[in-house]
Amino acid sequence: MGRRQAMVAILILCVSWLATSAHGQELTSGRFMRPHPLLSLLALTPDEPFAVRGTPFLRYTDFSAIRRLPARASDCSGNAAFDPAALYAPPGIDPRQIERALLFGDPPANGLILEGDFEPEALAHALHASGYTQRDEQGILLLQPEPDAGNAGDRRDSVALAGRYLLRTPKPSLLDELVNAYIGYRQSLFTRPGVLALAQALSRQTGDMLRAAFFFAGALPPGLPKLATTEGDGNGLVALAQYRDGAAWMTALALVYDARDSARVAARMLADELENRMRHHTALWIEAPVVYEDSSGDYFVALARVRHQDDVCVIGADWLIEETPR
């Protein structure tokens with residue numbers, strides 16, 4: 001795969017995945033004096049090595065926002081009744097109760113955090129009928145499959161219901177980590193400066209209009225400027241996000257740097273790259289690049305943004321059609 005194809009493939013991943021897919025002032029979005037959902041869910045994700053494995057290692061989706069879209073945009077297959085949250089709902093949970101989701105890690109060491117208004121009795125009844133045991137610890141409902149209950153489908157997942165959050169994972173030991181992060185006994189990815197810098201930048205840029213975000217770690221994708229490292233371990237951090245801006249849609253590509261000048265250069269180069277690669281698509285506009293400084297002043301996020309038309313079916317990839325050869 002060439003450099004141009006790699007960039008387009010990554011952007012398509014960001015957009016097409018939508019179809020299938022109390023921590024104080026630091027959690028606020030900048031435009032709204034309340035916790036931003038992305039930061040709230042990030043604060044519940046345990047800071048463990050397996051939590052940042054996978055490509056991408058974090059997938060955030062706001063289903064309540066997706067449901068507010070026009071019928072044509074909410075389901076490119078033409079079935080307006082389809083709700084992608086159904087892919088995440090365990091037995092006993094109505095997908096319409098799921099407002100947001102954050103999926104992290106790489107199977108089988110992966111976890112899912114769902115936010116919504118859930119009914120503990122319905123969940124407990126449905127999973128008990130499937131061979132689950134249940135117990136209550138500090139007001140948290142824990143449901144785990146019996147060893148001989150079988151391993152088909154949802155029966156493999158251990159589940160915890162803590163207030164508005166449903167924690168789910170196929171790895172039993174990871175459920176303890178999720179619960180401990182919720183209680184505050186264990187650090188979360190919210191404490192990782194580079195990850196937090198990305199999340200802060202996206203929340204400030206998008207406010208409550210953020211539909212989806214994807215976080216990548218490791219070497220930067222081909223064709224992107226490799227100007228700095230983050231986290232002190234040589235890993236680059238990249239995020240892709242989709243959000244609404246007035247009557248238009250925006251797709252943003254964000255990179256974290258540890259120097260302001262590097263971020264400025266990267267933002268300009270990214271915008272130029274996108275302008276060059278998408279010059280054949282008349283329905284797309286490249287916005288001026290932006291650099292955000294995180295709250296600590298130690299990290300800087302370069303953002304390049306693509307604006308696309310409201311009447312394009314953004315759930316699919318048809319606004320990024322097969323690129324025209326040079």
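Just a few scattered comments:
- Shape category assigned to region 179-221 from the gyration tensor of Cα positions, a/c cut at 1.5: oblate
- For THR45, distant residues with modelled amide H under 5 Å away: LEU189, PHE190
- Using a Förster distance of 22 Å, the FRET efficiency for ARG96-HIS128 (Cβ separation, nearest 0.05): 0.45
- Length gained when the stretch ARG156-GLU287 is fully extended (0.36 nm per residue, less Cα-Cα span): 42.7 nm
- For region 157-207, the dipole from Cβ point charges (+1 on Lys and Arg, -1 on Asp and Glu) about the Cα centre works out to 160 debye, to the nearest 20.
- Under 5 Å from the amide H of TRP249 lie the amide H atoms of HIS308, ASP310, each residue being 5 or more positions distant or on a separate chain, with H modelled from the backbone and absent for Pro and chain starts.
- Accessible-area rank, largest first, for PHE215, PHE50: PHE50, PHE215, with all protein chains present and a 1.4 angstrom probe.
- Residue-wise HN-Hα couplings along region 129-142, as the Karplus relation 6.51 cos²θ - 1.76 cosθ + 1.60 with θ = phi - 60° gives them from phi, are 5, 9, x, 9, 9, 9, 8, 10, 10, 6, x, 9, 7, 10 Hz; Gly and Pro carry x.
- Between GLU275 and GLU146, the modelled label-to-label distance comes to 6.6 nm, taking each label 7 Å out from Cα in the direction of the beta carbon.
- Nitroxide proxy distance, nm - points 7 Å out along Cα→Cβ at ARG164 and ASP136: 2.2 nm
- In terms of its C-alpha gyration tensor, region 243-288 comes out oblate, because a/c is 1.5 or above while a/b does not outweigh b/c.
- Pair ARG260, ASP245: separation of 7 Å Cα→Cβ label points (nm): 2.3 nm
The values are calculated or read from the model by the stated rules, or taken from the named source; none is laboratory data. Owing to the predicted nature of the structure, the values given are computational and were not obtained by experimental measurement. We place every Cβ from the backbone using ideal geometry, glycine too, and count neighbours over all the protein chains shown. The accessibility values were calculated without ligands, DNA or RNA, using every heavy atom of the protein model including side chains. Shrake-Rupley method; radii C 1.70, N 1.55, O 1.52, S 1.80 Å.
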